[in-house]
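The values are calculated or read from the model by the stated rules, or taken from the named source; none is laboratory data. As the structure is a prediction and not an experimental result, all values here were calculated from the model. So basically every Cβ, Gly included, is an ideal-geometry build from the backbone, and we count neighbours across all protein chains shown. For the accessible areas, the whole protein counts, side chains as well, though only heavy atoms, and no ligand, DNA or RNA atoms are used. Shrake-Rupley method; radii C 1.70, N 1.55, O 1.52, S 1.80 Å.
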Amino acid sequence: MPATILVGGFFGDEGKGKIIAYLARHDKPEVVARGGVGPNAGHTVEVEGKKYALRMVPSGFVQESARLLIGSGVLVDPRVLRREVASFGLEGRVGVDRRCGIIELQHIEEDTKNAHLKGKIGSTGSGCGPANAARALRTARQAKDLEELQEFVCDVPAEINGALERGKGVLVEGTQGFGISLLYGTYPFVTSKDTTASQMAADVGLGPTRVDEVVVVFKSFPTRVGEGPFETQMAEAKAAELQIEEFGTVTGRKRRIGVWDGKMAAYSAMINGATTVALSGVDKLDPSCRGVREYGELSREVRDFVQRVEQDTRVPVKLISTGPEVSEIVDLRGEKLKIKN
Ligand code: GTP
Ligand code: IMP
Ligand code: MG
């Protein structure tokens, strides 16, 4: 992995945190940099029996040698950042670009009280929408303006491009998902920024010609939280029957659940310029596949599904997540031949 960007292909919560944690542990990039909107995202990482919910720091923290960066495109809530650095013991490893926009308490208040944001759109209430509005109006503060952030402040593009010059790996961790992109999603039921791979590159200061791989994560049963259209949504009772209920990491809200949407996956893979698809939650399709690590041990049903995903997206499925724990994955990136039958 020289420069790899990972993004969500559906409506967010595809399991990016888990895949990032696996890639960070397995490929050992020198740097893991987070792009995306800000602390509206919640990545879940399960490793060695412990479960972490991350809203600001990259999920690549599980690789202890990795430098952890937050790109200038990302909004920083200093309270959430400090809490995560302290509770996960990340002192000395985290860098925040000096130009990151700051979420003020007034932004959170507006996001939680404003009938349009909280009511109609179903925002996460984390202050991201109002903070990005302040950024566009050029009234926002930046990380460099805050005394309490001085210990973190750095130049993320210089660090990332420097690592690439030295031949080291860089992993860019996207947040949110294609369907809630301000540019390509179901406007107005979207987040306050684009969420595609090009945006993640810009967020961390990586030029388009420097990107080698784009991994798009899709979940076997897509989910959506908050308001807005969801074409393949199933009835709540059906999700309960299939035992595939999920709750949001940031807000605790119940996620709406749907079935695979091949049309959306194809469009999302195209705009993201996907080179690899990572598929999560195949154990929800067939519980007997939970924890499987070899392709040949996946059931016929799951292997047929993987083929369907490749046909829909026209991109090879090279990572297949078989459970929430970081080690529960089939990694086909080393395979030379197409063996998917
Ligand atoms: P955002 O950045 O907020 O979009 O989140 P995310 O893509 O990192 O996903 P999130 O952690 O919010 O939600 C995914 C949920 O599915 C978490 O509870 C994970 O622990 C879980 N998960 C991830 N991969 C798998 C998998 O292969 N199987 C199962 N059963 N659960 C998984
Ligand atoms: P906001 O980003 O908090 O303004 O919320 C706008 C919409 O995007 C709402 O429907 C949220 O539920 C959704 N959203 C924002 N971030 C995420 C995420 O990381 N995962 C899933 N949904 C998200
Ligand atoms: Mg999430």
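How long is the stretch 3-331 along each principal axis, judged by its Cα atoms, biggest number first, in Å?
For the stretch 3-331, the Cα spread along each principal axis is 57, 49, 37 Å.
Compute the separation of the alpha-carbon centres of the stretch 124-148 and the stretch 62-85 and state it in Å as a whole number.
The two parts, judged by their Cα centres, are 16 Å apart.
Putting +1 on Lys and Arg Cβ atoms and -1 on Asp and Glu Cβ atoms, find which of Ser126, Gly177, Gly273 reaches farthest to the positive end of the dipole of the chain.
Toward the positive end, the furthest listed residue is Gly273.
Ranked highest first by average number of other Cβ atoms within 10 Å, how do 157-169, 232-244, 7-19 line up?
Ranking the peptides 157-169, 232-244, 7-19 by packing returns 7-19, 157-169, 232-244.
Cα to Cα, under 16 Å, and not fewer than 8 places away if on the same chain: which lysines meet these conditions relative to Lys284?
Result set, ordered by chain and number: Lys18, Lys219, Lys238.
Considering the chain as a Gaussian network with a 10 Å cut-off on Cα pairs, which listed residue, Glu46, Glu30, Glu147, attains the greatest mean-square fluctuation?
Glu147
Given R₀ = 35 Å, what would the calculated FRET efficiency be for Arg253 paired with Arg83, taking r from the Cβ atoms and rounding to 0.05?
Working: r = 21 Å, r/R0 = 0.60.
Efficiency at R0 = 35 Å is approximately 0.95.
Return the single residue from Gly207, Gly323, Gly185 with maximal mean-square fluctuation; model: Gaussian network over the chain, springs between Cα atoms under 10 Å.
Gly207
Between Gln106 and Lys51, what's the calculated FRET efficiency when r is the beta-carbon distance and R0 is 45 Å? Round to 0.05.
In this case the efficiency is close to 0.90.
In a Gaussian network model over the chain where Cα atoms closer than 10 Å are linked, find which of Thr175, Thr275, Thr195 has the largest mean-square fluctuation.
The residue with the greatest mean-square fluctuation here is Thr275.
Calculate one ³J(HN,Hα) per residue across the stretch 290-298 by plugging θ = phi - 60° into the Karplus curve 6.51 cos²θ - 1.76 cosθ + 1.60, and present them in order as whole Hz with x for glycine and proline.
Along the stretch 290-298, the couplings run 4, x, 5, 10, 10, 4, x, 8, 6 Hz.
How many angstrom separate the Cα center of the stretch 277-319 from the Cα center of the stretch 170-240?
20
Can you give the charge dipole size of the chain about its Cα centre, rounded to the nearest 20 debye, using +1 on the beta carbon of Lys and Arg and -1 on the beta carbon of Asp and Glu?
Rounded to the nearest 20 debye, it is 320 debye.
Add +1 for every Lys or Arg and -1 for every Asp or Glu among the other residues with Cβ under 12 Å from the Cβ of Gly35, and state the total. List each step's numbers first, then the result.
On the way: positive: Lys16, Arg34, Lys193; negative: Asp97, Glu173, Asp194, Asp203.
So the surrounding residues net to -1.
Counting Lys +1, Arg +1, Asp -1, Glu -1, what net charge surrounds Val74 among other residues with beta carbon under 9 Å of its beta carbon?
Working: positive: Arg34; negative: Asp97, Asp203.
Taking every other residue near Val74 into account, the sum is -1.
What does the charge add up to near Met264, with Lys and Arg as +1, Asp and Glu as -1, over the other residues with Cβ less than 13 Å from its Cβ?
Residues close to Met264 contribute a combined charge of -1.
Nearest 5 percent is fine: what portion of the DSSP beta bridges confined to the chain is antiparallel?
In the chain, approximately 30 percent of DSSP beta bridges are antiparallel ones.
Rounding to the nearest 10 and keeping the result within 0 to 90°, find how far the Cα-based axis of helix 300-313 lies from the longest principal axis of the chain.
Long axis of 300-313 versus the principal axis of the chain: about 50 degrees.
Only Cα pairs under 8 Å and at least 6 apart count here; give the relative contact order of the stretch 3-331 as a rounded whole percent.
On the way: 775 pairs, mean separation 74.5, N = 329.
For the stretch 3-331, the relative contact order is 23 percent.
In Å², what does the accessible area per residue of the stretch 27-141 work out to with a 1.4 Å probe?
On the way: 4630 Å² over 115 residues.
Ligands and nucleic acids excluded, the result is 40 Å² per residue.
Using just the helices of the chain, give the 222 nm mean residue ellipticity in deg cm²/dmol: DSSP H runs with n ≥ 4 each add -39,500 (n - 2.57), and the total is spread over all residues, rounded to 500.
Dividing the helical sum by the residues of the chain leaves -8000 deg cm²/dmol.
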